[in-house]
Structure formats: C-alpha cells, structure tokens
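The values are calculated or read from the model by the stated rules, or taken from the named source; none is laboratory data. Please read these numbers as outputs of a predicted model, since none were measured by experiment. Neighbour counts are summed over all protein chains in view; Cβ atoms, including those assigned to glycine, are modelled from backbone coordinates with ideal geometry.
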Amino acid sequence: MTGGRASSSVAPVPRAALLLSLTLAPFVAAPAAAGQTPPPVVPVPPPQPTLSGPAVRATGVSIPLRGAGVPAGATAELQRRTATGGWLTVETGQADPQGAVALDYRPTRISVRYVLRLAVGGVASHPIAVRSRDVTLAAFGDANFGDGVLSVMQARGALYPWRGVAPTLRRADIAFGNLECAISQRGVAVEKQYNFRGRPRDLAAVVRFAGLDVLNLANNHAGDFGMAALLDTVRAVRDAGAMPVGGGATLASARRPQVVMRLGLRVAFVGFSDIGPASFFAAPGGPGTSSATIPAIAAGVRAARRRADVVVATFHWGVERATAENARQRAFAQAALGAGAAAVIGAHPHVLQPIRRLTGRRVIAYSLGNFVWSAGSPATARTGILRLGLSRRGVEAARLLPAVIEATRPRLLR
C-alpha cells in the first residue's frame, strides 16, 4: 500500500479501444441464453419473372411475348399449360443485361386459347392467357358512285345507299370490294356504252362510315374518263384511308400486292381484269389497270405470297348476266390457286355466280354480283356479303350473307 490507497492489478482500457467497443456494441448479437434455439435464417427468394403478350392473335400465327425480371444471361423457359393441367416447355430464351427476354411462340397445335408462363430456375411467372381466332374478311361486288347511285346520293346523302350494310362491313376485320367507277372531277368520257364516275368527298365519307379497307380498280370502268382520272381514283382511294389494288401509274404498281395485317395475320390482295377496253390496261411505263393473263396471275400471286400469310386474288371477268362461270374463269382461278392464293373473288357479271369450297382451305366466289348499284331486274338485284374466316392455314369458313338491292341500297335478308 502506498499513501493509504489500495493499488489495482487491472490495466486501464485505452480510450480508442473503449470507443471502438461502444461503436460496435449494437451490432454484436448477445449470446443465446442457455436452452434457447437461435432464430432461423430466412432465405431470400429469387425474384419472380413476369410475362406479357397480346390478348388476341390470329389463328396459327406466332405469338410475340416478352419476359422481364430474369437474371441477366439466365435461360428462361416459356411453358404452355397442357390439357391435363401440367406445364410443357415450348420455347427458351436468354435474358439480356436488363433482365428482359423476347420470345416468339408459334403454336404447333391450333387452340382457341393458350395459357402461358415464364419459368426461371424453378420460379414461374403468373400465367397469362392469349386467345386465338380467325380474321374476318367481308367482301362485296360492284359498287358504283356514279350513274343512278350518284343521283340517290345527291338527293339523300352519300351514306344513304350504305346504311343497311355498313355495320356488317365495319364489324369485319377487313372489308373489301370492287370500285366500279372513276373517282375524279377531271377528264372526258371515253367512247364506250357506259361511263361512271363519282365524287371524291362521297368516297371518303363512305370509306370512313363503312370501314372499307381495300378497293379493286382492275375493272372496265376505272378508266372511263381517261388515265388522269384513273390516277385521281388511285389517289382518292388512298386519301380516303383505303388501299387501291389492280390499278396504278405503271404496270408494276397496278400489279403490286396490297398487304393488310390484322391480329398478326398478313393478308395480301392482287387484282386482275379480263374485261376491256384494252386501252385501260397499264403498260410498263404508263398508267392503267392490271390485265389478266395466266403468266401475270401466277407471277402476281407468287409475289404476294412471299409477303403474306394469305393471298386474295380478285378478278373482273366472265359474261354479263351469266349465272355460271365459264372455262376462262376456271382457268384463271386455277392459275391463282396453283400459285398460292387461298381465296379468289370475282365480279363483272352483275349477277351472283357459284361459290365453291375446295380442299386445302380454299374458296372461289366467281361473281358477287352488284352491291351498291341501280339494279334493273330481280336477278341483278340479288347480292350479298361474302364473309370469310382466314387463318395462317387459309380459308377456315365461308358464308354468303344474302341481300337484295332496293333503290341502289343493299339490304341484308338475315
């Protein structure tokens, strides 16, 4: 003892060490009391991927899908629910650095509904459903905007002749018909028995009202007021929001396919006329309509087939008021079908001709008759809308919705 104070044998704690222990104290777990079980370690679940895609697709076409939330570089599996409730891997893809993966599923088995999910390392996304249905095409015969139809439009409005059929045409995915007149204020009538022309504003109003998509110009009235008026007609159709087929500034443009895509299905239209005058037919460097020859039909359909899933070939052909097709029509139709067309649709006879369903999901409608027209007899007043169901395989369904023309106005019978 020194100076009456007892000495301690414990060395003093350095100030720095004391501060460090106080700093770390909150992070040091206290030892478990005797007999207690340490808390379990909860594993962090891997992130759940997501899958998105279209709600509806055309029958037989591929379904574009996009996954997200996938680890970069990981392989993701696209799975389809089977009829027994299990899951079948149908496609795989690798995620990019952002965790996204693009997939394109082409069904090998046609179904009206596909339930799909994305799986990564045993973790699956919520399933999504993609419906499948045929693309509907509504086709009609000769539509005139001149002659007696123009008189009715001037008296009752441009939409009057179309009011009874416009809802049916609008409901279709694609509406197509034959425009049997020039749409122009220019030119003079060429020397022939009948000359028809209408006003651009009337066409524009009808295209919007009836939802018309493609109009054929390969006929014997598109050039009724000369080639300048025919080119005006091409422009008027485009300006109205529809596609002209079968006529153009050159032979190449007259024969160029017009392609419409609906629900992923590409539908191409090509048009040919077998009815003169020959002066209406386009030359390599001059305007006009697409003339019908076996080589031209075969080449035109093959070119369209390379750009589309389904080809519709339309013709102006046959004999006026003949209720059955002739050998020339059959030869042209077979040339189109042999080159890959799924549907052949004709006009010009002004009466209905047979509609024939063929093997291989193909159809020929030799003549759909008049449609919006000053029909002068019971036979020429019989008409209809041909409704086709189209898929990547061709024509799945065909039905004529019968109608009758009353004062230029087609009326559906049921």
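The residues on offer are G286, G226, G271, and the sole one that is closer than 21 Å to V344 by Cβ and either surrounded by fewer than 18 Cβ atoms within 10 Å (Cβ to Cβ) or in contact (Cβ under 8 Å) with a residue 24 or more places away in the chain (or both) is G271. When G198 is tested against the conditions (1) in contact with a Cys (Cβ under 7 Å, 6 or more places away or on another chain); (2) under 30 Å from S111 (Cβ atoms); (3) of a type outside the set (A, V, I, L, M), the lone failure is (2). Elements of the type strands (runs of 3 or more DSSP E) sitting completely within region 112-186 and holding at least 1 residues that are aromatic (F, W, Y): these cover 113-120, 135-143, 174-179.
Selection within region 396-414: residues that are among the charged types (D, E, K, R) and more than 22 Å from G376 (Cβ to Cβ). The member of this set that is surrounded by the fewest Cβ atoms within 10 Å (Cβ to Cβ) is R414. Only one of the numbered conditions (1) surrounded by 10 or more Cβ atoms within 10 Å (Cβ to Cβ); (2) in contact with a Lys or Arg (Cβ under 9 Å, 6 or more places away or on another chain) is not met by A55, and that is (1). Residues being over 30 Å from D173 (Cβ atoms), among the hydrophobic types (A, V, I, L, M, F, W, C) and either in the same structural domain as L390 (by TED's automatic domain parsing) or free of Cβ contacts under 8 Å to residues at least 12 places away in the same chain (or both) are entirely absent from region 64-86.
Taking region 371-414 and the strands (runs of 3 or more DSSP E) fully enclosed by it, the elements with 3 or more residues that are farther than 24 Å from V152 by Cβ are at 382-391, 394-406. Across region 167-204, the number of residues qualifying as within 27 Å of G389 (Cα to Cα) and either among the polar types (S, T, N, Q) or surrounded by fewer than 18 Cβ atoms within 10 Å (Cβ to Cβ) (or both) comes to 5.
Of the listed requirements (1) surrounded by 16 or more Cβ atoms within 10 Å (Cβ to Cβ); (2) under 30 Å from S132 (Cα atoms), R393 misses just one: (1). Could you say which residue among P257, P244 is at pLDDT 95 or above, in the same structural domain as A222 (by TED's automatic domain parsing), within 30 Å of E191 (Cβ to Cβ) and not hydrophobic (A, V, I, L, M, F, W, C)? After applying the criteria, what remains is P244. Might you check whether a residue that is in contact (Cβ under 8 Å) with a residue 40 or more places away in the chain, crowded, with 20+ Cβ neighbours inside 10 Å and more than 30 Å from T89 (Cβ to Cβ) occurs anywhere in region 128-137? Yes, region 128-137 contains at least one residue that is in contact (Cβ under 8 Å) with a residue 40 or more places away in the chain, crowded, with 20+ Cβ neighbours inside 10 Å and more than 30 Å from T89 (Cβ to Cβ). Suppose the filter is more than 15 Å from L51 (Cα to Cα) and either in a strand (DSSP E or B) or among the basic types (K, R) (or both); does T84 pass it? So T84 fails the test. As a summary of the residue check, H350 satisfies the conditions (1) closer than 21 Å to I275 by Cα; (2) free of Cβ contacts under 8 Å to residues at least 60 places away in the same chain; (3) not aliphatic (A, V, I, L, M) except for the one numbered (2). Can you find even one residue in region 96-105 that is under 19 Å from L263 (Cα atoms), surrounded by fewer than 14 Cβ atoms within 10 Å (Cβ to Cβ) and in contact with a Gly (Cβ under 8 Å, 6 or more places away or on another chain)? Scanning region 96-105, I find at least one residue that is under 19 Å from L263 (Cα atoms), surrounded by fewer than 14 Cβ atoms within 10 Å (Cβ to Cβ) and in contact with a Gly (Cβ under 8 Å, 6 or more places away or on another chain), so the answer is yes.
What strands (runs of 3 or more DSSP E) completely inside region 299-365 contain at least 2 residues that are of a type in the set (V, I, T), buried (at least 17 other Cβ atoms within 10 Å of the Cβ) and at pLDDT 95 or above?
The strands (runs of 3 or more DSSP E) meeting that bar are 310-316, 343-347, 362-365.
The condition of being in contact (Cβ under 8 Å) with a residue 24 or more places away in the chain and over 20 Å from R262 (Cα atoms) holds for only one of R357, R361, R393, R387, that being R357.
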